[in-house]
Structure formats: structure tokens, C-alpha cells
Amino acid sequence: MLVDETKSNVLSISAQCQILKLPRSVYYEKRSYTISDEAKEREAALKEEHNKHLDKVLIEWTNYSTYGYIKMSKHLLREGYSWATEHAIRMIYKELGLKGLTPVFKTTHPAKGKYTKYPYLLRNRKIRYVNEVWATDITYIKLEDRMVYFTAIIDLYSRKILAWRLSETMNVEFCLDALMEAIIKYGVPAIFNTDAGSQYTSKEFTSFLESYGILISMDGIGRCLDNVRVERTWRTLKYEWVFLRDYHEFDQLQQSLNEFVYYFNHKRIHQSLDYHAPR
């Protein structure tokens, strides 16, 4: 910035441009560009913050699915989330298609009726080698007009995503397709861990695992931390990839997820792997 020392005042933009022999449009063009960049950054930050709110509400709703938006708002405010006003939660419920008492959206559905209960085999277990334990789960991804479902098979030692599928329905077939691909590519794990969702407790799924001599481990009901490594993968997927992009079509999302899996397996460093990519 140029200064007129006789008056101790900053020179006007016009005077500075005259001294530098520059047209004034150069200054205003640069200033406009800077403001535009700042606006884009603010918009991106607001979008990321909004997606964090969506994710938080969905996580809480899976634990308190009988809560309508008013009760959910009071619950979150009591937990210290000052943004969770009744209006904000009502709009998020509307966006995600959630309701209290009669939920219209969930990922894995708890099995109904009689099914074989398998123990949780990973408590206090130190995983020491590749193919010792694989795990899986299902998470949602929001397209412009609907929810779709993503599942992946993850090696808990290497953290590598071995296989994945995207589906418009939460049936057992797309879970089995991912599992079969993982086995064909990487062999057979000693233990396979899931939650107690109906896809994984189905006879079709458990019989397939048992036919390979794989030990079945299942999270305790209501114990989301039992599958915490998979939950961390979902967090990476959403906060480092999905929430930073807009998806309109199923095929567009599928291509992007293919790119994410390559990034996750070959480029992203993991603190638990001493800041290396999965092996």
C-alpha cells in the first residue's frame, strides 16, 4: 500500500494506480476474484457443517428411533449441540425421511423371529495378521432424490477395503456378492464379524460363511462400538469424500466410490498403520 508521507494518509486507489501505471480495473478484478473465492469457501464450510449435523442426527436417531423432532431437539440441546433447534431438527428429519415411532429409514434391520445367535469374538482380541478377521456393515449415501446403500468387506489388520457393492435395496444378495468377490481375490478369513442385521443373520449368509469354515462373530445388540473399525471407515468415506461432492445419479456415485476405494487403499495414510496406506 502506497502512503502520501506529507499528509500521512493512504493514497486513494486511483492515485496508486496512476503511480503504478495500472488501470483501476486490475484492482477491482482482483478484489472481485478474492471475494468470490471467499464466498466459495464459506459455502463449502457451511455444507460440510450441515452434513455433520445430518450425520449426528442420523446416528442419534438409530439409538432413539422413537423420538420425534421435538424430543430429538431437546435431547441434542441437553447434550450441548446448540445448533439443534426444533426448526433445524424438523428440517433434517424431513431431508432424511425420518419420523419418530414409525421410522422410514434404517440401514441394517434387526433380525425378526428366531435366528442363530453368534458370540462376539473380538473383545480384547489383538489382531495380528492379514485374513485373521474381516468385518462388514451397511451405510447409507444420499442421492438427490433417494437413499442408496453401500457395503464393504474390510480386513481389520490391513484396514484394506477388499470388496464393495452399492445397491438401491438392502437385500442379502448385494452383501453376499461383495463377500464372494473378497474371497475370490484374497482367500478365506478365520473370523467374519457383522452386526445382527437381518442380512447377516439370514440362513443364506451364515450358511455361506460356514461352508468355508469361517467363524462367525456378531456385535452385541445396541453395541455400535463392537464394529468401531468399520464405523471409522464410514466416517472417512463420508467426511473425506461423499460430503465434499454432489451426486445426482446412481452410476455417477458408483464411479466416484470406485475412485474412493482406490484412494483409501493406496493413498490415504492411517494413524493406526503408523501413517502408511493399507498393505
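We did not get these values from a lab; they are worked out from the coordinates using the rules stated. None of the values given here were measured: they were computed from a predicted structure. Note: ideal-geometry Cβ built from the backbone for every residue, glycine included; neighbour counts use all protein chains shown.
Would you work out the charge dipole size for region 133-273 about its Cα centre, treating the Cβ of every Lys and Arg as +1 and the Cβ of every Asp and Glu as -1, and quote it to the nearest 20 debye? All intermediate terms of the calculation are to be shown ahead of the outcome.
Values: 15 positive and 19 negative charges, 120 e Å.
Charge dipole of region 133-273: 580 debye, to the nearest 20.
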ask   = Which pairs, out of Lys47/Lys238; Lys40/Lys142; Lys56/Lys267, put more than 24 Å between their alpha-carbon atoms?
value = Lys56/Lys267
Efficiency of FRET from Cβ geometry, Asp177 and Val228, R₀ 22 Å, rounded to 0.05 = 0.30
key: Cα-Cα over 31 Å, subset of Lys74/Lys117; Lys126/Lys203; Lys160/Lys203   = Lys74/Lys117
request  = Just tell me which aspartates and glutamates come within less than 15 Å, Cα to Cα, of Lys71; anything on the same chain fewer than 8 places away is out.
outcome  = Glu60, Glu79, Glu86
ask   = What nm value, rounded to one decimal, do you get for the distance between Glu48 and Tyr129 when each label is placed 7 Å out toward the C-beta?
value = 4.1
